[in-house]
Amino acid sequence: MLTMNKSIVLIICMITIVIITSCKEEKTSVPPQEISKEDIQTDLVKVPESWVTERVTKAKNRLQGSPAGTIVWNAMEAHGGLTNWYSKGPIAFHFDYKPLDGSTRRNTYQTVDMWRNTARHQHYDDRSQEFGWDGSQAWTKTTDSTAFKYNLRFWALTPYYFLAQPFVLDGEGVILEQLEDKNFKDKIYNVIKVSFAEGTGDAPDDYYVLYFGKEDHTLGVIRYIVSYPGYFEKGKHLPEKFMEIQGTTTIDGIIVSKGYHTHWLLEDETPGEHITTITVDSISFQPKTKKEYLEAPQEATILRGLK
């Protein structure tokens, strides 16, 4: 009987230990947290989907608050959508700017991060000759001092601002004004003037006048001035130019231009002398681009100032 009682006590003790141990484990164990893929640090330029959603929602609300902004929003939608645009990662393209008067040709392959406005260019004939913009400063990495005979800070993002219309109009500091409709080549266009708040970019005195099809909402004409302070004193600029889009192509659902003919603008706001031909090709989105590719290389020369 005594042996049986000892056995019962022993069993009870063992059960108690198990229960106590289980309780301790319950109190100290922490269930694993779900980790979103967007919370994982990445070395890629492409941004998380939640960032895109937030930015596009803000842009839509702001743009649809005015008639001019609504026209621009409709144009973004017609060109493939702002969400689609920002979800692709950086855009790469070949941009060949050929003045017809024999002045400096600007012919580069380039990759641009549209989220952070950084860029890297490579010379068409020798891709080891490079320059870029890292978001705060221009840089160059060349072995041939004559490879780029133009202002690299100014040109680093200029081609992109043509190709990326109307998507580049989603940001702060953009002022939109609806002008009278225009008839160009038997097509009616909504006309939007784009100017910039003081302190926006290097050249806040720049402006664009954009023609969007009244029916199809797509971009047909870009009028613009150049007031870059590295070229002009405050308040001065080149005469206005008239840039007609020369066909479009669709890349992953995004409609972009394949080229442009640039003319001087006449007093009646029609195109005059044809002065520049621009071709754009090899267009693609590069979602696997790493952040370091759009940073200034360690061996690069940093370009100071606006000139």
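The numbers here are math on the coordinates, done by the rules we state, and not lab data. Small disclaimer: the values here were computed from a predicted structure and weren't measured. FYI the Cβ positions are ideal-geometry reconstructions off the backbone, even for glycines, and counts take in every protein chain you see.
Mind checking which residues of region 95-106 are surrounded by 15 or more Cβ atoms within 10 Å (Cβ to Cβ) and under 16 Å from Gln129 (Cβ atoms)? Result: Phe95, Asp96, Arg106.
Out of the residues in region 45-75 that are surrounded by 17 or more Cβ atoms within 10 Å (Cβ to Cβ), closer than 30 Å to Thr289 by Cα and among the β-branched types (Val, Ile, Thr), which is farthest from the chain's Cα centre (by Cα)? That would be Val72. The set of residues in region 273-307 that are without any contact (Cβ under 8 Å) to a residue 24 or more places away in the chain and of a type in the set (Asp, Glu) contains only Glu273. When Tyr150, Tyr109, Tyr160 are screened for being in a loop (DSSP other than H, G, I, E, B) and touching a residue at least 12 places away in the same chain (Cβ under 8 Å), only Tyr150 passes. Counting just the residues of region 283-307 that are under 17 Å from Phe162 (Cα atoms) and out of contact with any Phe, Trp or Tyr (no Cβ under 6 Å at 6 or more places or on another chain), which one comes out surrounded by the fewest Cβ atoms within 10 Å (Cβ to Cβ)? So, considering only residues that are under 17 Å from Phe162 (Cα atoms) and out of contact with any Phe, Trp or Tyr (no Cβ under 6 Å at 6 or more places or on another chain), the one surrounded by the fewest Cβ atoms within 10 Å (Cβ to Cβ) is Ser284.
Evaluation of Pro239 against the conditions (1) of a type outside the set (A, V, I, L, M); (2) more than 20 Å from the chain's Cα centre (by Cα); (3) in a strand (DSSP E or B) shows that the sole unmet condition is (3).
Residues of region 130-171 that are among the hydroxyl-bearing types (Ser, Thr, Tyr) and closer than 22 Å to Ile278 by Cα: Thr146, Tyr150, Thr158, Tyr160, Tyr161.
Just a yes or no: is a residue in region 112-124 among the aliphatic types (A, V, I, L, M), within 29 Å of Val45 (Cα to Cα) and not in a strand (DSSP E or B)?
First, the residues of region 112-124 that are among the aliphatic types (A, V, I, L, M): 112, 114, 119.
Going one step further and asking which of them are within 29 Å of Val45 (Cα to Cα), we end up with 112, 114, 119.
Adding the requirement that they be not in a strand (DSSP E or B) leaves 114.
The answer is yes; a qualifying residue exists.
Inside region 115-156, residues that are surrounded by fewer than 21 Cβ atoms within 10 Å (Cβ to Cβ) and closer than 24 Å to Leu210 by Cα make up a count of 4.
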